[in-house]
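Enquirer: Pasting a structure here, questions to come.
The values are calculated or read from the model by the stated rules, or taken from the named source; none is laboratory data. Bear in mind that the values here come from a model prediction, so they are computed numbers and not experimental data. Glycine also receives a Cβ, built like all others from the backbone with ideal geometry; neighbour counts cover every protein chain displayed.
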Amino acid sequence: MSSPFEPPDYYLLDDVLTEEEKLIRKSVRDFVDARVIPIIASCFREERFPAELVPEIAAMGLLGANIDGYGCAGLGNVAYGLVLQELERGDSGLRSFVSVQGALVMSAIHELGSEEQKERWLPRLARGELIGCFGLTEPDFGSNPGGLQTQARRDGKHYVLAGNKMWITNGSIADLAVVWAKESGRIAGFVVEKGTPGYSTSLQKGKWSLRASVTSELHLQDCRVPAENRLPKAEGLKAALSCLNHARAGIAWGALGGAMACYSEALQYAKTRIQFGKPIAGFQLVQAKLADMLTEITKGQLLAHRLAVLRDQGKARPEVVSLAKRNNVAMALEVARSARDILGANGITDEYCVGRHMANLESVKTYEGTHDIHTLILGQDITGIAAFT
Ligand SMILES: Cc1cc2nc3c(=O)[nH]c(=O)nc-3n(C[C@H](O)[C@H](O)[C@H](O)COP(=O)(O)OP(=O)(O)OC[C@H]3O[C@@H](n4cnc5c(N)ncnc54)[C@H](O)[C@@H]3O)c2cc1C
């Protein structure tokens, strides 16, 4: 059976956290221990998002937690990162829910919406009364969202939207969708509310990753959206990508949570699993794996912390965020694979968390810009030469 979480903090990062940050982390950690860990394996098995936890997550102030005003908690980015780290320690699906709601949907409305739109939607999204999703990806346009084909056409007091979105987290449970479409060839953002004629969703089933998360297609068939639902500042691809930037920074923290869970489990398992008459933790090859895992987690923790400080100071360029997302997710995936290996056959069962995290992190590596797309972003930043096409 899986053992209690023992979070690694080799470089004493706790010493630089404020009391408030530690308190917030503790409350989310306790919540995950009490409410997520006992049910998450069966949610994953049943391919079910634990929607019953949303009111508790909202009551803790975790939705849009780093936004100021509109009923949001206004946390700094370190505290916000710690929240996501702890949630993903439970499951990437839960962290994905919070990231999409806060960093994609609420941030889009907060930064690209009118004052009226903010007042209308943000407080209810923060209270979890409304659930949001973010529709950018299409069946034929993933890494290259600039090519998206969903169309928007003005018709009197409405926009008429036509197209399909795919791989949309929260899609089928969402009350509103931030949808990106092209209006006269230029990308624009719209809020499409559930019940709008011509708008429907379908659940994407059969995933072996992020099974405790809702992933859906959005269908827009001449969907008539009131003109006042157009986000006035959501113009051009840059606007859409600016939302992704917030989510990517959070993912750099979230992935740490998955990695720390796997490390903790593997270490405790290695100390108690006896082979050849002694604990496997006593073999050099196992120690090498643990040493590598701890080293990489520690580097990831320092990176995430510094990223959050830079974000608080307004100094984190998108490329700086890319570096952290790319590194920490790849690191977490490697840690999960090593941990799975240390657990031997037990590592492939859902009695332990390592296999679930490993499978989840494959999605996390792909969404919010694939690992390789972030490599190209960094390559362009380093050399000044774009290698995307
Ligand atoms: C579980 C899950 C949830 C998601 N949630 C959302 C969501 O809420 N909203 C949303 O809009 N999207 C969401 N996505 C979609 C996600 O953002 C896309 O999957 C991602 O952008 C990659 O697009 P793709 O899957 O079409 O892969 P592709 O773009 O087809 O890429 C396939 C492979 O080709 C590589 N590749 C592509 N272009 C290049 C290039 N120029 N040079 C080198 N290699 C290249 C990629 O790195 C990748 O390895 C989600 C995806 C998943 C799996």
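Enquirer: Could you look through the stretch 182-220, keep only residues that are of a type in the set (A, V, I, L, M) and within 13 Å of the ligand (Cβ to nearest atom), and pick out the one that is nearest to the chain's Cα centre (by Cα)?
Expert: Going through the qualifying residues, I end up with LEU210.
Enquirer: How many of the residues in the stretch 72-93 are polar (S, T, N, Q) and crowded, with 24+ Cβ neighbours inside 10 Å?
Expert: 2
Enquirer: Then there is this: Please go through the stretch 158-177 and give me each residue that is within 12 Å of the ligand (Cβ to nearest atom), assigned to a strand (DSSP E or B) and in contact with a Gly (Cβ under 8 Å, 6 or more places away or on another chain), ordered by number.
Expert: Scanning the stretch 158-177 gives LYS165, TRP167, ILE168, ALA177.
Enquirer: Restricting to the stretch 181-197, count the residues that are part of a strand (DSSP E or B) and closer than 23 Å to ALA126 by Cβ.
Expert: Number satisfying all stated conditions: 5.
Enquirer: Let me ask you something else. Is there any pair linking a residue in the stretch 127-155 that is free of Cβ contacts under 8 Å to residues at least 24 places away in the same chain to one that is in a loop (DSSP other than H, G, I, E, B) and more than 9 Å from the ligand (Cβ to nearest atom), with Cβ under 8 Å and at least six apart or on different chains, and which?
Expert: ASP140/GLN149; PHE141/LEU148; PHE141/GLN149
Enquirer: Still on this structure, please answer the following. Which residue pairs have Cβ atoms under 6 Å apart, sit 6 or more places apart or on different chains, and have a first residue in the stretch 16-41 that is assigned by TED's automatic domain parsing to the domain that holds ARG95 and a second that is surrounded by fewer than 17 Cβ atoms within 10 Å (Cβ to Cβ)?
Expert: ALA41/ASP350
Enquirer: Can you find a residue in the stretch 112-128 that is closer than 20 Å to ALA247 by Cα and of a type in the set (Phe, Trp, Tyr)?
Expert: Yes: the stretch 112-128 contains one or more residues that are closer than 20 Å to ALA247 by Cα and of a type in the set (Phe, Trp, Tyr).
Enquirer: Take the residues in the stretch 323-376 that are hydroxyl-bearing (Ser, Thr, Tyr) and under 14 Å from the mean Cα position of the chain (by Cα), then tell me which one is surrounded by the fewest Cβ atoms within 10 Å (Cβ to Cβ).
Expert: Per the criteria, the residue is THR370.
Enquirer: Hey, among the residues in the stretch 336-376 that are free of Cβ contacts under 8 Å to residues at least 12 places away in the same chain and within 25 Å of LEU267 (Cβ to Cβ), which one's farthest from the ligand (Cβ to nearest atom)?
Expert: ALA345
Enquirer: Determine whether VAL286 is surrounded by 19 or more Cβ atoms within 10 Å (Cβ to Cβ) and assigned by TED's automatic domain parsing to the domain that holds GLU351.
Expert: yes
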